[in-house]
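A.B. asks: Below are the structure tokens for one structure; questions will follow.
The values are calculated or read from the model by the stated rules, or taken from the named source; none is laboratory data. Quick caveat: nothing in here was measured; it's all calculated off a predicted structure. Note: ideal-geometry Cβ built from the backbone for every residue, glycine included; neighbour counts use all protein chains shown.
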Amino acid sequence: MSGGVDSSVAAALLQEQGHDVTGVTLKLWGGASDSGCCSVADVEDARRVAAQLGVPHYVFNLTDDFTDSVVNPYIDEHAAGHTPNPCVECNRSIKFGRLLDRSEALGFDFLATGHHARVVSTGAGAYSLRRGVDGAKDQSYVLYMLGQRELARTRLPVGELTKADVREHAARLGLRTAHKPESMDVCFITRGGREAFLADRVPARSGVVVDTSGATLGRHAGVTAFTVGQRRRLGVVTGERRYVVDIDPRTATVTIGGSRELLRNEVALRDLVFVDGAPTGSELHAQVRAHGQPIRSSLEGATVCFATPQPRVAPGQVVALYDGDALVGGGIAT
Amino acid sequence: MYLDHAATTPMRPEAVAAMEPFLRGTFGNPSGGHAVARAAKTALEEAREEIAELLGARPAEVVFTAGGTEADNLAVKGAARHARVTGVGDGVVTTAFEHKGVLASCDRLAAEGFRIATVALPASGVVDVDALMAAVDDRTALVSVMLVNNEVGTIQPLEEIVARVRDRAPQALVHTDAVQAVPWLDVARATSTADLVAISAHKFGGPKGTGALVVRDRAAPEPLIEGGGQERGLRSGTSNVAGAVAMAAALRATGSARDADSARLALLRNRLVDGLLAAVPDAFENGDRAQKVAGNAHVGFQGVEAETLLVALDRAGICAAAGSSCSSGATEPSHVLAAMGIARVDALTSIRLSLGFASTDVDIDAALTAIPDAVAQLRHAGAAA
């Protein structure tokens, strides 16, 4: 229970369904400043909702694990010129890693969260992860790493509802989180934004901005300010619209080019995983960002081939593969 | 089954009875001049006299506060700031396992330019007085050492510390956080030579939000809260009459029962710890039991995270604790165990079981069943994962 409306309603729905529910809020970050996703106010909201539902509530301090598994890799990835998705790593290592293990050790049957996605039984003890009913809020993308072991023990009750339904349900129950705004940003980055966060943690190493022929167009203060596909704040004045097409962290070289130079026919993935074995059909759709449009694709080995050329996927981003609204698997773009 | 008396105790019936008239009828502001005010003033001053007597102080030396943390803040920040104003010194010497009320005050003083020396402890949990004294010098303004540690329950050699500070640095004041000592020690005797002594009512059967600081002659701390000049100008604000009266009643009841309670609870505590160490493989005890108060048990179970174990115990009806609670309710790794040089992995697998006047054989029996069961279950799950 993050203290937001989705997990509040998830707890309420499970209780209505007759489950014996226990609420948990994770303290992941904050230390002395106690800001961001695990602020005292958010914990208090979660605690009050749990009290209103009459269920026990605990706060688990997983700050060490979060730092090791999410924040430090996030910094390292950016230092390498990549574009990591820390929410995905948190789901993998913390929520559906440490928390799922802990819930199992304590004898709980299921772990439920407020994610907008659906766990569907496909018979014979197998499970499928489907997009949430509210397409605009679907979060199956950030859960692409869940395998059969995790899905068998996971419940995502709000995936059956639209966000409007969720808020209506919360309002009907009089939950204090009913009208709380959504959090959109990376929880451990608060004041100053991503660049300031990284500037404090990655030694700045200036380098050059070049075009695709290798001609120098200007200089930059460090590669962490750039993402493949970025077209604003390139620090270089050119006549036409330009995009970052490559980042070489070894030489601190940022290459920019036109939109055609950004196009790729494929993306190679590392750490490819499948929800329930490799897909048999060839007709898949790839999603390359949290709320991106599905792109008709096929999978050859660990390479996703697009039916039509697409802007290059920034290394470090998740590519999730779908068959209809069923998640097939995914990996990290290289 | 409540085994968290070091966090807070249930109220003693004597304290509830004592405060009730001041919640229902006698509502006056003791600072006023009329009959209603006088009744409250009389009760407040009678409570002060009683507390003074039980703490071995004069009534004028007892300053009511809103608890132990405030008393520690007033003592540490107030005394240090006064010493700087008078030119006595700018050094504060304390231990690394003090309550946060002392440590955070020292952090504040450090930011104000004071020299803070924080002395680490041995694994016994009893301060090495030689190491402490090595940090004391001619410009030391204050030495602050708790009488009993809140996590591991160890008793500190306060009389020896005071004597040696007087000898080495006669200008320095000595403060002791005696918050955890009241149920177990004759605080009047143990703190008779200290200049500043902090207590908190809810640790010995009184209400929350009420405490006191004994401020002896030599000490003249700068106030933290200013206003109407109550409490000799050391703590402005309308007096908590009901709290003071209840604290006095709780202190009296605690003193009367102390010797019998301590003897009885030491036996229960020993049965609990020895039972756990015998029943659970790879269990260990933190702090030197021979130097602890009777109510403290602090044990660890290798490979079992305290945070998980506490949830399992809560579900089994056993209330225990680990580390110290932060404002969000998450358990922070114990700074006390770290100060004692205990490895982080051991600290994160250790829990505190603290007994109090309400503890009985039934609690211990339940704990001796539930804890080994929970540890076994969590170890089994951990091995399977």
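A.B. asks: All but one of (1) more than 16 Å from B:Val62 (Cα to Cα); (2) outside the structural domain of B:Thr369 (by TED's automatic domain parsing) hold for B:Asn240; which doesn't?
C.D. replies: Looking at each condition in turn, B:Asn240 falls short on (1).
A.B. asks: List pairs: first residue in the range A:204-226 and touching a residue at least 60 places away in the same chain (Cβ under 8 Å), second residue part of a strand (DSSP E or B) anywhere in the structure, Cβ distance under 7 angstrom, at least six positions apart or on different chains.
C.D. replies: Once the first residue is touching a residue at least 60 places away in the same chain (Cβ under 8 Å) and sits in the range A:204-226, its partners that are part of a strand (DSSP E or B) give A:Val223/A:Gly207; A:Val223/A:Ile247; A:Val223/A:Val254; A:Phe226/A:Val244; A:Phe226/A:Ile247; A:Phe226/A:Val254.
A.B. asks: Out of the residues in the range B:75-86 meeting the condition of being surrounded by 24 or more Cβ atoms within 10 Å (Cβ to Cβ) and of a type in the set (A, V, I, L, M, F, W, C), tell me which one is farthest from B:Lys208 (Cα to Cα).
C.D. replies: B:Ala83
A.B. asks: Pairs only if they're at least six apart or on different chains, beta carbon under 6 angstrom, first in the range B:261-288 and closer than 13 Å to B:Ile351 by Cβ and aliphatic (A, V, I, L, M), second outside any loop (DSSP other than H, G, I, E, B) and modelled with pLDDT under 95; list them, first residue then second.
C.D. replies: none
A.B. asks: Something else about it: Can you tell which of B:Asp90, B:Asp130, B:Asp72 is in contact (Cβ under 8 Å) with a residue 40 or more places away in the chain, surrounded by fewer than 23 Cβ atoms within 10 Å (Cβ to Cβ) and acidic (Asp, Glu)? Step through it out loud before you land on a result.
C.D. replies: On the way: B:Asp130 fails: in contact (Cβ under 8 Å) with a residue 40 or more places away in the chain; B:Asp72 fails: surrounded by fewer than 23 Cβ atoms within 10 Å (Cβ to Cβ).
Answer to the check: B:Asp90.
A.B. asks: Which ranges mark the helices (runs of 4 or more DSSP H) fully within the range B:113-218 that have 2 or more residues being in the same structural domain as B:Arg232 (by TED's automatic domain parsing) and modelled with pLDDT under 95? I'd like the intermediate steps shown before the answer.
C.D. replies: Working: elements: B:129-134, B:158-168, B:187-190.
Filter on the range B:113-218 gives an empty set.
A.B. asks: Then there's this: Residues that are acidic (Asp, Glu) and free of Cβ contacts under 8 Å to residues at least 12 places away in the same chain: does the range A:100-117 have at least one? Don't jump to the end; show me each part of the working.
C.D. replies: To start, the set of residues in the range A:100-117 that are acidic (Asp, Glu) comprises A:101, A:104, A:109.
From the residues that got through so far, the ones that are free of Cβ contacts under 8 Å to residues at least 12 places away in the same chain too are A:101.
Within the range A:100-117, one or more residues are acidic (Asp, Glu) and free of Cβ contacts under 8 Å to residues at least 12 places away in the same chain.
A.B. asks: Check the range B:175-183 and report whether any residue there is surrounded by fewer than 24 Cβ atoms within 10 Å (Cβ to Cβ), closer than 25 Å to B:Ser200 by Cα, acidic (Asp, Glu) and out of contact with any Ser or Thr (no Cβ under 6 Å at 6 or more places or on another chain). Quick ask: steps written out before the conclusion?
C.D. replies: Taking the range B:175-183 first, the residues surrounded by fewer than 24 Cβ atoms within 10 Å (Cβ to Cβ) are none.
No.
A.B. asks: Determine if the range B:260-280 includes at least one residue that is among the hydroxyl-bearing types (Ser, Thr, Tyr), under 19 Å from the mean Cα position of the chain (by Cα) and either farther than 23 Å from B:Phe97 by Cα or not assigned by TED's automatic domain parsing to the domain that holds B:Val375 (or both).
C.D. replies: If we filter the range B:260-280 for residues that are among the hydroxyl-bearing types (Ser, Thr, Tyr), which is where we start, we get B:262.
Filter again for under 19 Å from the mean Cα position of the chain (by Cα), leaving B:262.
With the extra rule that they be either farther than 23 Å from B:Phe97 by Cα or not assigned by TED's automatic domain parsing to the domain that holds B:Val375 (or both), the set shrinks to B:262.
Yes - at least one qualifying residue is present in the range B:260-280.
A.B. asks: Just the residues that are assigned to a loop (DSSP other than H, G, I, E, B) and more than 24 Å from A:Asn85 (Cα to Cα), please, taken from the range A:209-241. Walk me through it before giving the result.
C.D. replies: So the first thing to find is which residues in the range A:209-241 are assigned to a loop (DSSP other than H, G, I, E, B), and the list is A:212-215, A:221-222, A:226-241.
Scanning the range A:209-241 gives A:Thr212, A:Ser213, A:Gly214, A:Ala215, A:Gly235, A:Val236, A:Val237, A:Thr238, A:Gly239, A:Glu240, A:Arg241.
A.B. asks: Which of (1) without any contact (Cβ under 8 Å) to a residue 24 or more places away in the chain; (2) within 24 Å of the chain's Cα centre (by Cα) does B:Thr42 not meet, given it meets every other one?
C.D. replies: Just one mismatch for B:Thr42, condition (2).
A.B. asks: Ok, one more. Every residue in the range A:152-164 that is touching a helix residue (DSSP H, G or I) at 6+ places or on another chain (Cβ under 9 Å) and either farther than 15 Å from A:Ala11 by Cα or buried (at least 17 other Cβ atoms within 10 Å of the Cβ) (or both), please. It would help to see each step written out before you state the result.
C.D. replies: Let us first name the residues in the range A:152-164 that are touching a helix residue (DSSP H, G or I) at 6+ places or on another chain (Cβ under 9 Å), namely A:153-163.
Residues satisfying the conditions are A:Arg153, A:Thr154, A:Arg155, A:Leu156, A:Pro157, A:Val158, A:Gly159, A:Leu161, A:Thr162, A:Lys163.
A.B. asks: Moving to a separate point now. Tally time: how many residues in the range A:150-194 are at pLDDT 95 or above, closer than 29 Å to A:Glu104 by Cα and polar (S, T, N, Q)?
C.D. replies: 1
A.B. asks: Take the conditions hydroxyl-bearing (Ser, Thr, Tyr) and in a strand (DSSP E or B) and apply them to B:Thr69. Does it pass?
C.D. replies: On the way: hydroxyl-bearing (Ser, Thr, Tyr): yes; in a strand (DSSP E or B): no.
No.
A.B. asks: Right, another one. Looking at A:Ile295 and the list (1) among the β-branched types (Val, Ile, Thr); (2) without any contact (Cβ under 8 Å) to a residue 24 or more places away in the chain; (3) farther than 30 Å from A:Leu146 by Cβ, which single condition is not satisfied?
C.D. replies: Condition (3) is where A:Ile295 drops out.
A.B. asks: Shifting gears a bit: In the range A:151-197, what residues are farther than 13 Å from A:Gly114 by Cβ and among the polar types (S, T, N, Q)?
C.D. replies: Scanning the range A:151-197 gives A:Thr162, A:Thr190.
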